[in-house]
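Enquirer: Got a structure for you, questions after.
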Amino acid sequence: MKFKAAVISLILGLLIWLGLNGTIGRDVLITGIVVTVITSFFFIGTGIFTDVRLTPKALFALVAWLVVFLIELIKSNIDVMSRVVTPKVRINPAIVEVKTRLKSKLGRLALANSITLTPGTLTTDIEGDTLFIHWIDASDVDIEGATRKIVGKFEKYLEVIFG
């Protein structure tokens, strides 16, 4: 398990490093490897990456989640933009309670971030399997309906990745 956590933190760290630098030059790559090896030692004992599944099915789910996330990001940006530019105020804000089936802390964090990064929703708190979401247009305030509309898009993919 510790080896898996180290490999995952090395890969993620290097990908983030290369993404932030925007190049794959020799100096950047060598520096990135050194930096990620040093920083990955901080994650080995935490157990943070032990819930991540390294299977072809999980990799496919990661790609599917990214596609779904990008689609939801675009849709929610257009929705919030249309609410801002129209003269009539079309908001019905509320904090709604939603439930998740995700057992992993990292999976719940990924879900909360997926929700928060899409405009119009903001995760305010997580207590066990319950997330409290500030929703710009709370069209469904019951737990099942809000869960279906907010969490349902992301959860099935994150469940494959994190369990």
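Enquirer: Please determine, by comparing only the residues of region 73-112 that are without any contact (Cβ under 8 Å) to a residue 40 or more places away in the chain and within 12 Å of E155 (Cα to Cα), which one is surrounded by the most Cβ atoms within 10 Å (Cβ to Cβ).
Expert: Here the answer is A112.
Enquirer: Also, quick follow-up: Can you say whether L59 is under 15 Å from F162 (Cα atoms) and in a loop (DSSP other than H, G, I, E, B), as far as the supplied structure shows?
Expert: Here the answer is no, as L59 does not meet what is asked.
Enquirer: Then there is this: Need a quick list: strands (runs of 3 or more DSSP E) entirely within region 86-163 having at least 3 residues that are out of contact with any helix residue (DSSP H, G or I) (no Cβ under 8 Å at 6 or more places or on another chain) and assigned by TED's automatic domain parsing to the domain that holds A61.
Expert: 121-127, 130-135
The values are calculated or read from the model by the stated rules, or taken from the named source; none is laboratory data. Quantities reported herein were computed from a predicted structural model and do not represent experimental measurements. Methodologically, a virtual Cβ is constructed for each residue, glycine included, from the backbone with ideal geometry; neighbour enumeration extends over all protein chains shown.
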